[in-house]
Amino acid sequence: MLKSRVVWGLCLAGAFLFLVFSDESLALMLFILTVAVPVIAIGMNQIAARKIFAGLELPQMGEKGQQIVCRIKGKNGRRLPVAPIRCRLHCENLSTGEELQQEVLFPIGAKTKCDVPFVLASSHCGCIRVSVEELCAYDIFGLVPVQAPHGQMAETTVLPVTFAPQLTVMAHLAKDIEADEYSQERPGFDPSETFAIREYHPGDSIRRIHWKLSGKFDELLIKEAGLPVRHSFLVLFETSQPATAGRQADVKDALNEIMMSLCQAMTEEDITYEVGWQDHDAGKFFHTRVTNLDELAGIADKMLRARCITDGADAISCFRESYEENKFEHIMYVSSFLPAHFEEFSNGAFATGIICTEDDSITALTDASGNISLHFCSPENYEKELFALAI
Amino acid sequence: MRLQSNISMAMKQTKSLHFSLLPAPEAQQISIGAVVQGSILAILFFLGIGGMLYWAFAPSAMLEILIPIGIVGCIIFTFVLRKRSLRRLGLIVLALWLVGFCLILQTDVLNGLCLTANRIGEVLGQSFGRIYPIYDISVDQSGYELSATLFFIPVSLLLSLLSGYLAYTHDAAVSLAITAGIIFIYVFLKIEIAVIWLLLLVLAQFLLLAQAYGNRQNFYGGFTTAYRSVAAIAAGVFALSAIVVFLTVPSYENSPLKNTRESLIRTVDQIRYGVEPTLGMPDGDFTNLQAFEPSDETALEVTMEKPESLWLRGYVGSVYNGHGWSESDSKSLYEYADIFYWLHRDNFYGQKQLADAAAVTGKASYDQAFGIHVNNVGASSRNIYAPYELYMAGGELMPADIIGDTALVSTGFRGQRQYEYLSLPNIVKRYPDIMRELYGDDAETKLSTEAFLTVESNYAEYIYDQYTQLPEDTTRWIEQYLSDVLPTQEEANYANVKQAIIQYLTEQTEYSTEPSQAGSGDFAYDFLFLDKEGYSVHYATAATLMFRACGIPARYVEGYLITPQDVQSAADHSVFQIDGTHAHAWVEVYQSGVGWIPVEVTPPYFGLMEEADSLEGVPGTRPESTPAASPENNTVENQEEIPNQVDGEKAVAGNLLLIILIIVFAAAAIFFLWRYWKKRQMQFKKKVEACLNEKNNEAITAMFICAMDALSTLGLKDGGVWLLEQLRRELKPVDGVSEKRIAQVFAVYEEATYSAHEMSQESRKEMEDFIEEVYLLLRERFVGLKRLKICGFLKLAAEIKSAHEKR
């Protein structure tokens, strides 16, 4: 390390000056020692350092804003102790893209293992990946490093803090009578399904009179026909951000929490839905069906690893490339920006856009059909803004 | 420091990711292994530093007592420094003990101090050729050992404290400064090095450097077992290497880089004194001697109230080394310290002996003295150029504490370029008259001449000891080749020796300003027997050696000549431009009574300067007269003996030294206390600012750390980073801090430290309430003097409360 080298340089210079200005033979001996001892130490380190190993141990999960105790597991296979060992760790939140590098120095005894505990804490949720970027063993005077095998990594998932939005599912008129579901909110045209029984009002069609019940209750009663509806849900998670976005990490953290909260609320409402996002690392669109909480837990880890990139292809474009057109009646789009083709993509479905951004310039669409609802929020107030959602 | 490290670490991280290294459990405890290891390092430092200092400055002290005391002190201080609670107490006890010891044994301690000061003066005197004050000792010589030992007992304890400090802090900068400083003192003062102490010091230094990582903030484990084994390996490697090196490297008398050193010193001197080869002589250094090609540019501007032809003496060479001349070794000169003390006390200086002799014999008087001002324009400023007739010069040119009296002293880093003095008219040419008067029977001057000669005889003793010596090789070839030429010591006198030398040089050699150089390794030998040609430096060197071979004290001199021709028809107060052509080298020979007299031995310069008249009637100058004047022959009866023991008049009272020492220590102690107090104030101010920070997150983090710091007085280990489980475990035994409360407060601290959002005022209030709770708890637990332990925290809590009330 630089400081050690400077110190030894000064020692060597001092020993040389001592040799020049002193007539004692001790001066020559000291000069030789000042050269020889570090050289021997460096030589010993070259041998000892080849069998140094450092692994990582991280808990599987952690909480936002709380300490996560992790460990570096060092091992020395030689009969010589090594100190110091410099381990450079690279910590990255895969979701938000935040990175951190930290050097840790520690000793390892001969033929022993060592345990170096450290604390990680993250104020954003996501998958935290810790890797050993560099592992060097130094001689006892810290002059010459020897590289040891490195590259080990471990991960821990910092869970998002979810909230419980109140969801209202909008009825979507089925295009065909073969639909399996019927609206609970309003009557329709399918006489095979009864929506409700009520009193006869002047003007009602005689054909609707329920003669059997009318005879029983001695008053005219009307049978209202059911309205066939279809509910299919798609939740799209945007993993691309415009370059002009401000606090990208905060926004991504908020999006993660909104997404998880929304999915959790839908699952708890027994709504089956499809969820998808563009996996930029794999270069493909990830898409799966969620029917229960176990399945949701299974994709949460994947979602928290989804790296957010700047100015990449948006989720809608990626979805279209994979699935051509939208066949879903309900679309939820969770993003930090509103793509221009959002209305076109909705294709008559109920589209709910949840835009978490600090950019005030984004304006709502003019929606002639009345099927698009947009909710704007910021990383500070999304819980409050998204308390009630109509999907 | 912990508060700063936590906040600064947080600031170093990204906004959301935080990293903290947890302290090693071993680093938080005081293990026996750590104490043993620290003690060993401290003992090594103590033996190295103490051994080197005792060896140089306390040879009479009893090491068999001091070393065990120091070792015990190292072990105690190693333990005390590691335990925070004992630190202050330990230092107070040490200070009280030191004061008590010095007061109870003040006489012995004072004597020991004086002995040490005298020894330091002796070492400095041997190094610089000066006389330093000697302090009065109130015991006789048999009590020196005890006094020195008793003085060094407190010194040993202070050294062991310093060693313990170095072993505890592993402060490489301080230890290197101390090691380098001690070695520098030894080299600079040319003290003989004690091998074993130096090796121990170097070993301690190596070990410290091998463990210097232990103090780094991101170093895990401190001085754990693994690290101790590394230190042991470092010691083993050093020891083995030292054994191999000692067995294989041969010893020598001169450094193998001696030429490099001399070349370096020459270069530095050339730059320092502005040496211009064409304007002067080589200052006795004949290495790479060039041809004599003097320039006519001005070297000196000499203003004389009365123009006189003078030999301006500059460089004086005392010891011949085969390739030039050098000054006498200051260590051997120091043996004459007492002689020169008394000589100077009696206002006897060798540089103005001729003028004094003339004055004493009535041959000259103060009325005849005139002022000379010298402006050194181009000559070497290392030398002061003054004539043999020097009558009076300022104290800085002729300091009383200089031993040797070769030439006047040029002060200042770059030498002196302007100076003035009083001189008598040319009396070199009349010195035989003065000598006759000195040794004559003139009743008018007999009293004063006898007194003068009495003093002078002591000086002569030194002169004959020093300036008749020759190197062995030189003596050999002189005996081999010149025994037929020079008179024997028994027959030699000034006149016949001078005649023989001049005759030989005139007949056997040739004057040449561009002599060849045979390069046999002996400059004079080459000139006399191989090259047989040269200029003034050659002639003067050869003549000086030949005079000495005949038992006549002689020195090699370089300077400038103001010839009779130069001053002919010059007016008073004329300014003489002395150029490089006036530069010259000659011999000066000691004549009993009158002192040093210049002798011209370079053929082209014969007759240029006025020399002495007939030597008729001058003692020791006739061929048949008694051998050259020696101290035994010229000693006046009833010579006053130089006292062996210092008397009260010479010695300075030791009390003065003690007062100075006490003032220095007190000033140092006040300075360090002030610095410590200022540092604590700054730290407290930073803590308060952090706790009252407008940003709630930082304030909450700071307050929590301060609270934990305060709770460490109740047993919480000082960690720097806390885990909730650790807090629960360690604070459990403490009443007044419930587990639930700790968990509550910890959650707030964690949120404030690790989350991105701003904490609310309620959270801040909660932490402030916790501070108040800790404050009340500690106030209850610590009463009376014990409250000093937590006074800092109490003050902080009061500040927080007051700020909160203002809000």
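How big is the B-A contact in terms of buried accessible area, both chains counted, 1.4 Å probe, rounded to the nearest 100 Å²?
Details: alone 39810 and 20510 Å², together 54730 Å².
Buried surface at the B/A interface: approximately 5600 Å².
Straight-line reach from B:K83: taking Cα to Cα under 17 Å and skipping same-chain neighbours fewer than 8 places apart, the aspartates and glutamates in range are B:E26, B:D709, B:D718. Beta bridges from DSSP with both residues in chain A: antiparallel share about 65 percent, rounded to the nearest 5. Listed peptides B:384-391, A:145-152, B:46-53 appear in the order B:384-391, B:46-53, A:145-152 once ranked by packing, highest mean of other Cβ atoms within 10 Å at the front. Normalised per residue, the accessible area of the range B:376-454 is 39 Å², obtained with a 1.4 Å probe and no contribution from ligands, DNA or RNA.
Of all aspartates and glutamates in the structure, those lying under 15 Å Cα to Cα from A:K384, and not within fewer than 8 positions of it along the same chain, are A:E257.
Return one whole number: the accessible area per residue of chain A in Å², for a 1.4 Å probe. The partial results should precede the final answer.
Numbers: 17720 Å² over 391 residues.
Result: 45 Å² per residue.
Counting pairs of alpha carbon atoms under 8 Å apart in space and at least six apart in sequence, what relative contact order in percent does chain A give?
Working: 835 pairs, mean separation 55.3, N = 391.
RCO, chain A: 14 percent.
The alpha-carbon of B:K352 sits under 23 angstrom from the alpha-carbons of these lysines, leaving out residues fewer than 8 places away in its chain: B:K306, B:K363, B:K429, B:K446.
Could you compute the net charge surrounding A:Y138? Neighbours are other residues with a C-beta less than 15 Å from the C-beta of A:Y138; K and R count +1, D and E count -1. Value of the local net charge: +4. Rounded if a/c is under 1.5, else prolate if a/b beats b/c, else oblate: with a ≥ b ≥ c from the C-alpha gyration tensor eigenvalues square-rooted, which is the range B:70-193? The shape class here is oblate. Heavy-atom accessible area with a 1.4 Å probe sorts B:W342, A:W211, A:W277, largest first, into A:W211, B:W342, A:W277.
Working from Cα pairs under 8 Å separated by at least six residues, relative contact order for chain B is 15 percent.
Estimated purely from DSSP H runs of n ≥ 4, each contributing -39500 (n - 2.57), the mean residue ellipticity at 222 nm for chain B is -17000 deg cm²/dmol once divided by its residues.
What average number of partner chain Cβ atoms lie no more than 10 Å from the Cβ of the residues making up A:96-109? Mind dumping the intermediate values first?
Values: counts 3, 0, 5, 2, 7, 2, 8, 4, 5, 9, 10, 15, 4, 7.
The shielding value for this peptide is 6.
For the range B:367-373, backbone phi angles converted through the Karplus equation (6.51, -1.76, 1.60; θ = phi - 60°) give residue-by-residue couplings of 4, 7, 5, 9, x, 10, 10 Hz, Gly and Pro being listed as x. For the range A:191-330, the carbon plus sulfur part of the accessible surface works out to 47%, probe radius 1.4 Å. Mean partner shielding of peptide B:750-756, defined as the number of other chain Cβ atoms within 10 Å of each residue Cβ, is 6. Result for chain A in a Gaussian network model with C-alpha springs under 10 Å: among A:G43, A:G215, A:G65, the largest mean-square fluctuation is at A:G215. Phi-derived couplings, Karplus 6.51 cos²θ - 1.76 cosθ + 1.60 at θ = phi - 60°, listed residue by residue for the range A:271-285: 8, 8, 8, 9, 10, x, 7, 7, 8, 5, 5, 7, x, 9, 8 Hz, with x used for Gly and Pro. Only lysine pairs 8 or more places apart or on separate chains count here, and in the range A:31-137 those with Cα atoms under 20 Å apart total 8.
Does the protein assembly as shown come out rounded, prolate or oblate by the C-alpha gyration tensor, with a ≥ b ≥ c the root eigenvalues, rounded set by a/c under 1.5 and, if not, prolate when a/b is larger than b/c and oblate if not? Before the final figure, lay out the partial values.
On the way: a/c = 3.62, a/b = 2.85, b/c = 1.27.
Verdict is prolate for the protein assembly as shown.
Inter-chain Cβ neighbour count for B:145-155, averaged per residue, equals 0 (cutoff 10 Å, partner chain atoms only).
Entry for chain A at q = 0.09 Å⁻¹: log10 I(q)/I(0) = -0.72, Debye formula applied to identical alpha-carbon scatterers, no solvent contribution.
Could you please state how large a percent of the accessible area of chain B is carbon and sulfur, counting protein chains only and using a 1.4 Å probe? Heavy-atom surface of chain B belonging to carbon and sulfur, 1.4 Å probe: 57 percent.
How much net charge surrounds A:A54 when only other residues with a Cβ under 15 Å from its Cβ are counted (Lys, Arg +1; Asp, Glu -1)?
Numbers: positive: A:R50, A:K51, A:R71, A:K73, A:K75, A:R78, A:R86, A:R88, A:K113; negative: A:E57, A:E103, A:D115, A:E133, A:E134.
With Lys, Arg at +1 and Asp, Glu at -1, the net is +4.
Could you state the angle between the C-alpha long axis of helix B:63-82 and the longest principal axis of the C-alpha atoms of chain B, as a value from 0 to 90 degrees rounded to the nearest 10? Between helix and principal axis, roughly 30 degrees. Of the cross-linked pairs B:K190/B:K258; B:K740/B:K806; A:K252/B:K695; B:K695/B:K740, those separated by over 22 Å at the C-alpha level are B:K740/B:K806; A:K252/B:K695; B:K695/B:K740. Taking amide H atoms as placed 1.01 Å from N in the peptide plane, the amide H of B:L408 lies under 5 Å from those of B:I384, each 5 or more residues away in sequence or on another chain.
The values are calculated or read from the model by the stated rules, or taken from the named source; none is laboratory data. Computed from a prediction, not measured in an experiment: that's the story for all the values here. Note that we place each Cβ from the backbone using ideal geometry, even for glycine, and neighbour counts take in every protein chain shown. Surface accessibility is based on the protein's heavy atoms, side chains included, excluding ligands, DNA and RNA. Shrake-Rupley method; radii C 1.70, N 1.55, O 1.52, S 1.80 Å.
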